[in-house]
Amino acid sequence: MKLLFSATPAFGHILPLVPLMQAAVDAGHTVGLLSSAGFRATIAGELPAEVEFLDAGVLPGEFSEEAARRTGGDVFHPTPAVIGEIFGGARVDLAIEESIDRASDWHADLVVAEPFDAVGPIVAARLGIEWHRAGIGPALPRVITDEIDRAASVRYDRLRLRPIAASSYLDPCPPQLQDPGWSPDSPVRMVQPKAHRRSKDVALDLSDLDGHKKPTVLVTFGTIFSDPDTLSAAVAAVTETGTHVIATLGSSLRHSSASQELTARTDSAHVQYVPFVPLGQLLEKADLVVGAGGVGTILGALAHGLPMVLWPQGADQPINAARAAASGASVTVDSAAEIAPAVAEVLANSAYHRRARGIADEIAGRPQPSTVIAEITR
């Protein structure tokens, strides 16, 4: 069978789908990823080698800028209406014709789309094939999904198509993080989330951290919000607690001189900056995670039984951080000044660790991606 994954061209939207892609490849299916050509080179090294990349659409900067022009809104701190226009309007307008052509030529049999992706479901409607929604974290609030659907409905009308309901929702989110008021629109299939990891680990020397009794804190602000000022402020705050620090530059800084600049700002032998490294490889060294609240970071940390201190920067991060705090495994802060006392509290209070380990146990008991792929391809 030919499984076409459709996703927004961004790490946080694609990486959570990789375990499902790998499971589909391992099961002998032909697997494709429908996303922007401009993101192909950036994401290629994070995907199974067998995944075929189907070029369609533009990068987030372009469709977000178009959404901002249409709405006059702030795309970094958007209202639900702006989110709807970004993903259900502007992105669709700038991708749908190419997407339908690529998927048709590729002869897709089944579509799997992430929650923000409105392109894949339209492609499925045009081809008359089944599709499934693959969650990447806590389910999106109804107010957001309604706005994406509202914007997308105009595009269905223009194409003279009727929406096809998702056959199922592949849910990676443990119940401790899920909104208790969530009411799914389609049958739910639980799936085990996994922190992103390549088939071969990145060469990385973290030997300086071995043999020390002090806790190690991983500071990671993901792939979009890792600007030098935010990252250095967070690292400086964590160092006040006397812990060892691994700080990842993320994707946005990996091609710059940021490592040297940030190291020069940090007067501590207990801080080690590392380049963009798959999260799963770094979590093995950590006792606690400080981050912005991206879903990949939250689910990855909890899969490893690690508590968190989260400083949301934008997008869906405030929602994710609120759910993590409600689970009892995380503390949310509003400024760099609040990080040090929060880190000290989490490290000293064993309740955070117990709750994180409890969630890790629940995650470990969820069906593997291979099981879910087998179910949806019967």
So, with a 1.4 angstrom probe, what is the percent of accessible area on the chain that is carbon and sulfur? 50 percent
Please go through the range 144-209 and write out the trypsin sites (Lys or Arg not before Pro) that DSSP classes as loop and that have at most 10 other C-beta atoms within 10 Å. Arg160, Lys200
DSSP-loop GluC sites (Glu not before Pro) across the range 63-114, with at most 12 other Cβ within 10 angstrom: none
Suppose all protein chains stay in the model; what accessible area per residue would a 1.4 Å probe give for the chain, in Å²? 41 Å²
Averaged over every viewing direction, what's the projected area of the C-alpha convex hull for the chain? Give it in nm², one decimal, please. 17.5 nm²
Phi to ³J(HN,Hα) by Karplus 6.51 cos²θ - 1.76 cosθ + 1.60 over the range 41-58, Hz, x for Gly, Pro: 5, 6, 8, 3, x, 9, 9, x, 4, 7, 6, 8, 8, 9, 6, 6, x, 10
Just subtract the alpha-carbon distance of Leu206 and Ala165 from 0.36 nm times their residue separation and send over the number in nm, one decimal. 10.0 nm
Beta carbons within 10 angstrom, averaged per residue: use that to sort the peptides 113-120, 238-245, 12-19, highest first. 113-120, 12-19, 238-245
Would the range 268-333 count as rounded, prolate or oblate if I go by the C-alpha gyration tensor, calling it rounded below 1.5 in a/c and otherwise prolate when a/b exceeds b/c, oblate otherwise? prolate
The set of residues whose placed amide H lies less than 5 Å from the amide H of Met190, leaving out same-chain residues fewer than 5 positions away, is Asp171
Name the aspartates and glutamates eligible as straight-distance cross-link partners of Lys213: C-alpha to C-alpha under 12 Å, and not fewer than 8 places from it in the same chain. Asp287
Under the 0.36 nm per residue contour assumption, what length would be gained going from the current alpha-carbon distance of Ala44 and Arg142 to full extension? 32.0 nm
Non-local amide H neighbours of Leu54 (under 5 Å, H modeled in plane, Pro and chain starts lacking H): which ones? Leu33, Leu34, Ser35
Rounded to the nearest 500, what is the 222 nm mean residue ellipticity of the chain from helices alone, with -39500 (n - 2.57) per DSSP H run of 4+ residues and division by all residues? -11000 deg cm²/dmol
Under 18 Å between alpha carbons, and skipping anything fewer than 8 positions from Lys200 in its own chain: which aspartates and glutamates qualify? Asp26, Glu46, Glu50, Glu284
Three-way shape call for the range 304-351 based on the alpha-carbon gyration tensor, with the a/c threshold at 1.5: oblate
Across the Cα atoms of the range 60-117, what radius of gyration and what greatest pairwise Cα-Cα distance (Dmax) are found, in Å? 13.2, 39
Among the Cα-Cα pairs of the range 1-117, the proportion with separation greater than 25 Å, in percent, is 22 percent
Using only the alpha carbons of the range 314-378, determine the length spanned along each of the three principal axes and report them from longest to shortest in whole angstroms. 53, 30, 15
Proximal lysines relative to Lys214, as straight alpha-carbon distance under 21 Å, when same-chain residues fewer than 8 apart are discounted: Lys285
Compute the Cα gyration tensor for the range 141-212, then decide on rounded, prolate or oblate, letting a ≥ b ≥ c be the square roots of its eigenvalues: rounded whenever a/c is under 1.5, prolate when a/b is larger than b/c in the other cases, and oblate in all that remain. prolate
Percentage of interatomic Cα-Cα distances in the range 89-159 larger than 13 Å: 65 percent
Starting from the amide H of Ala134, placed 1.01 Å from N in the peptide plane, find each other amide H under 5 Å away whose residue is 5 or more places distant or on another chain. Ala113, Glu114, Leu170
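The values are calculated or read from the model by the stated rules, or taken from the named source; none is laboratory data. Remember, predicted model here, so these are calculated numbers, not experimental data. Note that each Cβ is placed from the backbone with ideal geometry, even for glycine, and that neighbours are counted across all protein chains shown. Side chains included, ligands, DNA and RNA excluded: accessible areas come from the protein's heavy atoms. Shrake-Rupley method; radii C 1.70, N 1.55, O 1.52, S 1.80 Å.
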